[in-house]
Amino acid sequence: MGGQLCAVLEGLKPAGGMVLVQVVFAGVNVFYKLAINDGMDMRVLVTYRFLFASVFLGPLAFFLERKSRPKITWKVLMLASLCGLFGGSLAQNLYVSSMKLTSATFASAMTNLIPAITFILAVLFRLESLGIHSLSGQAKVLGTIFGISGAMLLTFYRGVDINIWSTNINLLKSHSEGAAAPHQEPGNHVMGSLLAVASCVCYAIWLIIQAKMMKEYPCHYSTTALMCLMGTVQSIIFALCVERDWEQWRLCFDIRLLAVIYSGVVGSGLILTVLAWCIKKKGPLYASIFNPLMLVIVALLSSLLLNEKLHLGSVLGAVLIVIGLYIVLWGKGREAAKVGELSADESIDVIIVSGDKGLQEQCSGPHGPSESKQ
C-alpha cells in the first residue's frame, strides 16, 4: 500500500512542477504590469531582467556543463546573437509594450498563438510540409484558423464586462497616483494587438533558429546563458538610445527591484531547472499542455490585484486561441507518434510556454527546449 502511494506521489511530481512553472510565469506578468505602472521604462525593465538572468545563469552553466561544453565558435556566437534578438530583447520589448497598451491577461492570451504562427512560418520556409491530406495536417491547419480567429475576436470585440470578484485589492491605484502618471500612455487596443502578434512572430522565428542553435551547441544551460548575455547587450544598446533619463536606471528597494529580481532570477533562472526536469520526465508535448493554465492564473490575479476588467470578447477570444493551441498540439502529437519519437526540430515547434516568454522555451539538448516565456 505504501509503495503504491509513493508511486502515485512520484507520478504527480511532473504535474506539480508544471503547475509551479505556470504560476511563476503568471507572476512575471503581474510584476511587469506593476513595474510599468510605477513608471519604470519598459526598455530598462527588459534590460535589467536579462542582466539579472545572465548573472544568475552564467555561473550555473559554467559549473554544470564545464566538462561537456564544446568550444564556442563564431557561428555559435552569431546564432546566440540571433536568439538573443528574436527570443530575447526584441520579443520582450514588443511583449511588454503590448501589455502596457492592453492588459496582462490580453498579452498572456496572445502568446498561445505561437504554435500556430510557428507552423505557418515553418511551412513558408519549407521546414515542414502542410500535409493537408493527412489528419494531423488538417488538425494543424484547423488549429491555426481557430487561433487567428480568437486573436481577431480579442482585438476587435470587447462586449460586456465580466466581474469575477465582488471586491479587489487594486494595487495599480496606489502607484498611478505617483510617478507613473506622466509615463502612462493611453490604451490603444489595436496597436497593442499588433505588438502582441509581432512578439509572437519573433518567438516563432526564434524557435526555428533555436533548432539550428541546439545542433551546433547542444548544452541547454550554456545556450540559455549565451542568449541572455546577448539579449542583455542588445537591450542595453536599445535602451540607452531611447532613454537618457538616468533616474530610470536607478533601482531602490521598491516594486521595480522586486520585478527585475523575480523575472530575472526566479522566472528565468530557478524555474528553468524545474521546467527542464519536467520535460526530461514527460517530454515537450506534456509540458506544453499546461500553457493555458498561465492565462487562467493571470486573468484571476489581474482582476483581483490589478483591477483589470474582463470582457466577453476577451474570454471568447482566449477560449478560441486555447482550443486552437490544443488542436495544433494534437496534430503535432499524432504526427510524432507516427515517427515513433519527437525529433529536435519537431520539439521546437511544440514547446510553447508563455508569460515571460523571453526565455521559457529554452530547455533543449536531449530534453527539448526549456525556457522564456514570455
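Considering only region 97-133, state which residues are within 18 Å of Met191 (Cβ to Cβ) and of a type outside the set (Ser, Thr, Tyr).
The answer is Met99, Lys100, Leu101, Ala104, Phe106, Ala107, Ala109, Met110, Leu113.
List the number of the failed condition for Ser314; all other conditions in (1) closer than 22 Å to Ala116 by Cβ; (2) of a type in the set (S, T, N, Q); (3) outside any helix (DSSP H, G or I) hold.
(3)
Take Phe50 and tell me if it is part of a helix (DSSP H, G or I), modelled with pLDDT of 90 or more and either surrounded by fewer than 18 Cβ atoms within 10 Å (Cβ to Cβ) or touching a Ser or Thr at 6+ places or on another chain (Cβ under 8 Å) (or both). Before you say what the answer is, go through the steps one by one.
On the way: part of a helix (DSSP H, G or I): yes; modelled with pLDDT of 90 or more: yes; either surrounded by fewer than 18 Cβ atoms within 10 Å (Cβ to Cβ) or touching a Ser or Thr at 6+ places or on another chain (Cβ under 8 Å) (or both): yes.
Judged against the criteria, Phe50 is a match.
Please work out which residue is modelled with the highest pLDDT, limiting yourself to region 131-164 and to residues that are part of a loop (DSSP other than H, G, I, E, B) and surrounded by 14 or more Cβ atoms within 10 Å (Cβ to Cβ). Quick ask: steps written out before the conclusion?
Of the residues in region 131-164, the ones part of a loop (DSSP other than H, G, I, E, B) are 131-134, 157-160, 163-164.
Narrowing the set further to residues that are surrounded by 14 or more Cβ atoms within 10 Å (Cβ to Cβ) leaves 131, 134, 158-159.
Working: Gly131: 77, Ser134: 86, Arg158: 80, Gly159: 83.
Among those residues, the one meeting the criterion is Ser134.
Residues of region 53-86 being assigned to a loop (DSSP other than H, G, I, E, B) and either in contact with a Cys (Cβ under 7 Å, 6 or more places away or on another chain) or of a type in the set (S, T, N, Q) (or both), which ones? Reasoning before the result, please.
Going through region 53-86, the residues assigned to a loop (DSSP other than H, G, I, E, B) turn out to be 65-73.
Of everything in region 53-86, those that are assigned to a loop (DSSP other than H, G, I, E, B) and either in contact with a Cys (Cβ under 7 Å, 6 or more places away or on another chain) or of a type in the set (S, T, N, Q) (or both) turn out to be Glu65, Ser68, Arg69, Thr73.
Conditions first: (1) at pLDDT below 90; (2) polar (S, T, N, Q); (3) part of a helix (DSSP H, G or I). Ser89 passes all but one, so which condition is the exception?
So the condition that Ser89 fails would be (1).
Tell me, please, whether a residue that is surrounded by 24 or more Cβ atoms within 10 Å (Cβ to Cβ), touching a helix residue (DSSP H, G or I) at 6+ places or on another chain (Cβ under 6 Å) and of a type in the set (D, E, K, R) can be found in region 30-39.
Taking every residue of region 30-39 in turn, at least one turns out to be surrounded by 24 or more Cβ atoms within 10 Å (Cβ to Cβ), touching a helix residue (DSSP H, G or I) at 6+ places or on another chain (Cβ under 6 Å) and of a type in the set (D, E, K, R).
Taking only pairs six or more apart or across chains, which ones have beta-carbon atoms under 8 Å, a first residue in region 146-163 that is under 10 Å from Leu310 (Cβ atoms), and a second residue that is exposed (fewer than 13 other Cβ atoms within 10 Å of the Cβ)?
Matching pairs, first to second residue: none at all.
Would you tally the residues in region 267-291 being within 22 Å of Ala109 (Cα to Cα) and surrounded by fewer than 23 Cβ atoms within 10 Å (Cβ to Cβ)?
The number of residues fulfilling the criteria is 4.
The values are calculated or read from the model by the stated rules, or taken from the named source; none is laboratory data. What you see is a predicted model; the values in this text were computed from it and never measured. Counting neighbours? That spans all protein chains shown, and the Cβs are built from the backbone with ideal geometry, glycine included.
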